Amino acid sequence: GLLLHVAFGLFFITAATLNYTTLPQGLFGLKDPGAPANYGWTELAAVVTELEASHPGAFLAATRYTYAAQLGFQLHRSDVMAFNPLRSENDYWWDADAHKGADALIIADRAFKIANAEAHFAAVEKLATVEALVPSGQKAWEFEIWLGHNYGGGTP
């Protein structure tokens, strides 16, 4: 009994470790849809930084609160806004009225699409796609960077 528990435990710990460090894969048909989004943040932050230089005054945002947090962590900033259908701490500290009329650089992907943010802007346009690669060089995920024009303010 105990040996079987230890064997199962080691198997699942090894599978989880490989899933988050080497290549996100499913196990017995089960897949963590968020695992691939843990890759590519260094590359994404570099592209965002370049785009910020060509869009002065644009605030940073993401279509999911975890993406806003991950981008903020990568850039060492706390001012990345989240357009997320679920309530998060971002909803309490974000001053929407202070950004009314501004443009935004928005991170989206296939799971949390630009539609989460689009209604808050006069228009949106896709600026870039950034591939997230695992250490072996395989593509794990794709992020999109959108420019939202003329933020309407209000609660995200």
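Only one of these is over 18 Å from G152 (Cβ atoms) and surrounded by 20 or more Cβ atoms within 10 Å (Cβ to Cβ): L71, L51, L105. Name it.
L71
Go through segment 122-142 and give me each residue that's modelled with pLDDT of 95 or more and either over 24 Å from P85 (Cα atoms) or under 19 Å from the mean Cα position of the chain (by Cα) (or both).
Passing the criteria: V124, E125, K126, L127, A128, T129, V130.
Quick one: which strands (runs of 3 or more DSSP E) sit completely within segment 58-156 and have at least 3 residues that are closer than 16 Å to T42 by Cβ?
In segment 58-156, the matching strands (runs of 3 or more DSSP E) lie at 121-133, 139-151.
Among the candidates H99, H149, H120, H76, single out the residue that is within 28 Å of T17 (Cβ to Cβ) and open to solvent by 10 Å² or more (accessible area, probe 1.4 Å).
Matching residue, one of H99, H149, H120, H76: H76.
Is one or more of the residues making up segment 34-43 open to solvent by 40 Å² or more (accessible area, probe 1.4 Å) and at pLDDT 95 or above?
No, segment 34-43 contains no residue that is open to solvent by 40 Å² or more (accessible area, probe 1.4 Å) and at pLDDT 95 or above.
The values are calculated or read from the model by the stated rules, or taken from the named source; none is laboratory data. For clarity, every value in this text was computed on a predicted model and none was experimentally measured. With ideal geometry, Cβ positions are generated from the backbone for all residues, glycine too; neighbour counts draw on all protein chains shown. Just so you know, the surface numbers come from the protein's heavy atoms only, side chains and all, with ligands and any DNA or RNA stripped out. Shrake-Rupley method; radii C 1.70, N 1.55, O 1.52, S 1.80 Å.
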